[in-house]
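Novice: Here it is, the structure, as structure tokens.
The values are calculated or read from the model by the stated rules, or taken from the named source; none is laboratory data. These numbers come from a predicted model, not from an experiment. Cβ: placed from backbone, ideal geometry, glycine included. Neighbour counts: every protein chain shown.
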Amino acid sequence: MRSFDRRTLLVLGASTLALAACGPKGGATVTSDDMSLGSESAKVTVIEYASLSCSHCGKWNREVFPAFKAKYIDTGKVRYVFREFITAPAQLAVAGTLLARCSGKDNYFKVVDAVFHSQEEIYRTQDIKAALLPIAQSAGLSEDQFISCVTDEKANNELYNRVQKYAKDADIQGTPTFFFNDDKYSEGEMTMAQIDAAYAKALAKAK
């Protein structure tokens, strides 16, 4: 993939995340670092661990997430949390994630969705910057702000630390991985039928 024209991104790839697992603890507790949609009082919290460079994550976002959002998030049944992970190619995952964060909470999920929809173009052209810059500009960032965002050392380190923690605490070995409340339900794309079943099980346990 074509590199950016300034400092190299610090997070170097999934190989740096080979940590010993401490057992699956997905954790329905939402922290200040988390990006979420839906009612905070929902009885079921769905946490998706996903990478913006993961083609399976992108496919699920494009083909299943809209129906999931309409049925569960928009109706207040689920609080959805998107937890960022890094898979190869790491530069896309890192740059896309940092861009979403820099765009602010109001634009975060719009940027995530736009990056997922740009995956095929990026893989075809091998030009991350050309695909992400228009997304940044649509979120109100200039080109200089975009470059500063994705090369920010503090933000890179914070992302690296979050991903390390997720890999260790929740035993994340692939993306996408879904938790319904504290239970790991699936590693890989979920169909709406699987989501319905997992939601029903989580709701029954929560009562």
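Novice: Can you name every residue in the range 117-130 that is surrounded by fewer than 21 Cβ atoms within 10 Å (Cβ to Cβ), assigned to a helix (DSSP H, G or I) and out of contact with any Asp or Glu (no Cβ under 8 Å at 6 or more places or on another chain)?
Specialist: Scanning the range 117-130 gives His117, Glu120, Glu121, Tyr123, Arg124, Thr125, Ala130.
Novice: Got a number for residues in the range 27-48 being closer than 15 Å to Ala100 by Cβ and either modelled with pLDDT of 95 or more or among the aromatic types (Phe, Trp, Tyr) (or both)?
Specialist: The first filter runs over the range 27-48 and keeps only residues closer than 15 Å to Ala100 by Cβ, leaving 33-37, 48.
Of the ones still in play, those that are also either modelled with pLDDT of 95 or more or among the aromatic types (Phe, Trp, Tyr) (or both) are 35-37, 48.
Residues flagged as closer than 15 Å to Ala100 by Cβ and either modelled with pLDDT of 95 or more or among the aromatic types (Phe, Trp, Tyr) (or both) within the range 27-48 amount to 4.
Novice: OK, next. Anything in the range 116-167 that is more than 13 Å from Glu84 (Cα to Cα), among the β-branched types (Val, Ile, Thr) and touching a Leu at 6+ places or on another chain (Cβ under 8 Å)? List them, or say none.
Specialist: Passing the criteria: Ile122, Ile128, Ile135, Val150, Thr151.
Novice: Kindly check whether there is at least one residue in the range 103-126 that is touching a Phe, Trp or Tyr at 6+ places or on another chain (Cβ under 8 Å) and either at pLDDT below 95 or farther than 13 Å from Leu52 by Cα (or both).
Specialist: Taking every residue of the range 103-126 in turn, none turns out to be touching a Phe, Trp or Tyr at 6+ places or on another chain (Cβ under 8 Å) and either at pLDDT below 95 or farther than 13 Å from Leu52 by Cα (or both).
Novice: Would you point out the residue of the range 66-91, among those that are touching a helix residue (DSSP H, G or I) at 6+ places or on another chain (Cβ under 8 Å), of a type in the set (A, V, I, L, M) and farther than 13 Å from Thr175 by Cβ, that is surrounded by the fewest Cβ atoms within 10 Å (Cβ to Cβ)?
Specialist: Looking at the filtered set, the residue picked out is Ala67.
Novice: Something else: Just give me the residues in the range 117-137 being over 20 Å from the mean Cα position of the chain (by Cα) and of a type in the set (Lys, Arg), in sequence order.
Specialist: Passing the criteria: only Arg124.
Novice: Would you pick out the residues in the range 131-175 that are outside any loop (DSSP other than H, G, I, E, B), in contact (Cβ under 8 Å) with a residue 24 or more places away in the chain and among the hydroxyl-bearing types (Ser, Thr, Tyr)?
Specialist: Ser138, Tyr160, Tyr166
Residues are listed down the side, and each one gets a yes or a no for (1) farther than 20 Å from Gly58 by Cα; (2) not hydrophobic (A, V, I, L, M, F, W, C):
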{"site": "Val94", "(1), (2)": "no, no"}
{"site": "Leu141", "(1), (2)": "yes, no"}
{"site": "Val150", "(1), (2)": "yes, no"}
{"site": "Asn161", "(1), (2)": "yes, yes"}
{"site": "Gln164", "(1), (2)": "yes, yes"}
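Novice: Could you give me the residue pairs with C-beta distances under 7 Å whose first residue belongs to the range 59-70 and is at pLDDT 95 or above, whose second residue is surrounded by fewer than 15 Cβ atoms within 10 Å (Cβ to Cβ) and in a helix (DSSP H, G or I) wherever it lies, and which are 6+ apart or on separate chains?
Specialist: So the pair list comes out as Arg62/His117; Val64/Met192; Ala67/Met192; Phe68/Met192.
Novice: So, Thr45, is that one more than 13 Å from the chain's Cα centre (by Cα) and touching a residue at least 60 places away in the same chain (Cβ under 8 Å) or not? First the steps, then the outcome.
Specialist: Details: more than 13 Å from the chain's Cα centre (by Cα): yes; touching a residue at least 60 places away in the same chain (Cβ under 8 Å): yes.
In short, yes.
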